[in-house]
1. Work out from phi, with θ = phi - 60° and the Karplus expression 6.51 cos²θ - 1.76 cosθ + 1.60, the ³J(HN,Hα) of each residue of the range 199-214, listed in order in whole Hz, and give x for Gly and Pro.
2. Starting with the highest mean, order 203-215, 138-150 by the number of other Cβ atoms within 10 Å, averaged over the residues of each peptide.
3. For the range 152-283, how big is the tail of P(r) above 27 Å, as a whole percent of Cα pairs?
4. How much length would be gained if the chain were fully extended between A132 and V96, taking 0.36 nm per residue of separation minus their Cα-Cα distance, in nm to one decimal?
5. Give a residue-ordered list of calculated ³J(HN,Hα) values for the range 141-156 (Karplus: 6.51 cos²θ - 1.76 cosθ + 1.60, θ = phi - 60°; whole Hz; x for Gly, Pro).
6. With both bridge residues required to lie in the range 139-233, what share of the DSSP beta bridges run antiparallel, to the nearest 5%?
7. Figure the gain on full extension for D242 and Y198 (residue separation times 0.36 nm, minus the Cα-Cα span) and round it to one decimal in nm.
8. Can you tell me which of 234-241, 178-185 comes out highest on packing, and rank the rest after it, using the mean Cβ neighbours within 10 Å?
Amino acid sequence: MKTQPVVVGYDASESAQAALGWALDEGARAGVPVRLIFAFEWQAVAGSIAPVPGNWPDQGAREDARKMVDAAVSQARQTHPEVTVTGTVVDGAAAVVLRELSRKARLLVLGSRGHGGFADLLLGSTSITVTAHAHCPVVVVRGETPPPAGPVVVGVDGSDSALFALQYAGEQAVARGTELRVVRAWTAPAPRWRPADYEPAVQGAAEQAELDELLAGWQAVHPQVKVIVEVIEGPAGRVMVDASQDAQLVVVGSRGRGGFRGLLLGSISQQLLHHAHCPVAVVRELPTATA
């Protein structure tokens with residue numbers, strides 16, 4: 001079986017350097033190779049029949065990109081000699097390149113800002129494309145350096161996507177030798193839709209019972225992991241941002257229900273990706289083994 005690599009979107013920006021450092025640590029921890037990717041994208045303009053290049057690919061710029069990637073690979077091999085590190089310059093739009101590479105990757109790692117082929121990666125449609133369609137978990141490295149003893153935090157609502165997130169977060173907690181903090185957010189119905197006999201405590205207890213039932217089987221399989229369960233009333237985005245303050249990593253699914261519905265489709269995703277205090281892992285599906 002081939003060992004799937006950790007793939008890093010790299011453009012030499014400060015944010016990409018942080019992403020590379022995180023990916024190298026992950027490669028060392030998991031014993032897997034790390035592959036740097038620079039997306040060499042050039043603009044097209046409308047022609048009489050079909051779009052044509054505005055400027056034909058500049059071989060000088062391409063060579064500069066190659067040298068940049070080679071330098072990063074050389075430095076990475078010095079700081080992490082135990083990790084097999086390679087680098088590639090690939091033609092194409094960053095989102096498309098990364099989505100295709102995710103089919104055979106263990107993990108995609110991105111910085112929270114970039115330039116060149118990764119410009120505005122987390123400010124528009126590219127981020128939605130990568131996180132919503134990647135075939136492996138995507139980690140966006142942002143925030144300050146997380147505390148080494150902090151927990152891995154995962155948002156769980158019972159959806160299939162959240163269960164993938166829970167599995168990935170548990171694996172991360174095991175690998176890091178830290179505790180797993182499972183968070184469920186819930187909000188009370190709007191007053192106009194609230195039954196006359198509505199009791200917030202009853203809803204909170206029901207949310208807690210559902211989460212405990214969901215985790216019972218998981219904890220039986222992973223007894224070595226200390227699990228902290230928290231059911232918190234409040235908007236999911238705010239709850240998860242708050243929970244990220246002392247975390248090594250915060251993990252969410254790419255789709256959800258209840259408090260996590262649409263987590264990556266609107267304002268909640270932007271809140272977490274722009275304001276989390278630690279790296280954010282988005283799990284749409286888990287990688288499959290390759291022969």
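All of the numbers you see were taken from the coordinates with simple rules; none came from a lab. Fair warning: this is a prediction, and the values are worked out from it, not measured in the lab. Neighbour counts run over all protein chains shown; Cβ positions are idealised from the backbone, glycine included.
1. 10, x, 4, 5, 5, x, 5, 5, 5, 5, 5, 5, 5, 4, 5, 4
2. Numbers: 203-215: 15.2, 138-150: 17.8.
Top to bottom by mean Cβ count within 10 Å: 138-150, 203-215.
3. Values: 1429 of 8646 pairs.
Here the tail beyond 27 Å accounts for 17 percent of pairs.
4. The A132-V96 span can extend by a further 11.7 nm.
5. 8, 8, x, 7, 4, x, x, x, 9, x, x, 8, 9, 9, x, 10
6. Working: 0 of 11 bridges.
Around 0 percent antiparallel, to the nearest 5.
7. Working: separation 44, 0.36 × 44 = 15.84 nm, distance 2.73 nm.
Contour length minus the Cα-Cα distance gives 13.1 nm.
8. Numbers: 234-241: 20.6, 178-185: 23.0.
The peptides rank, most packed first, as 178-185, 234-241.
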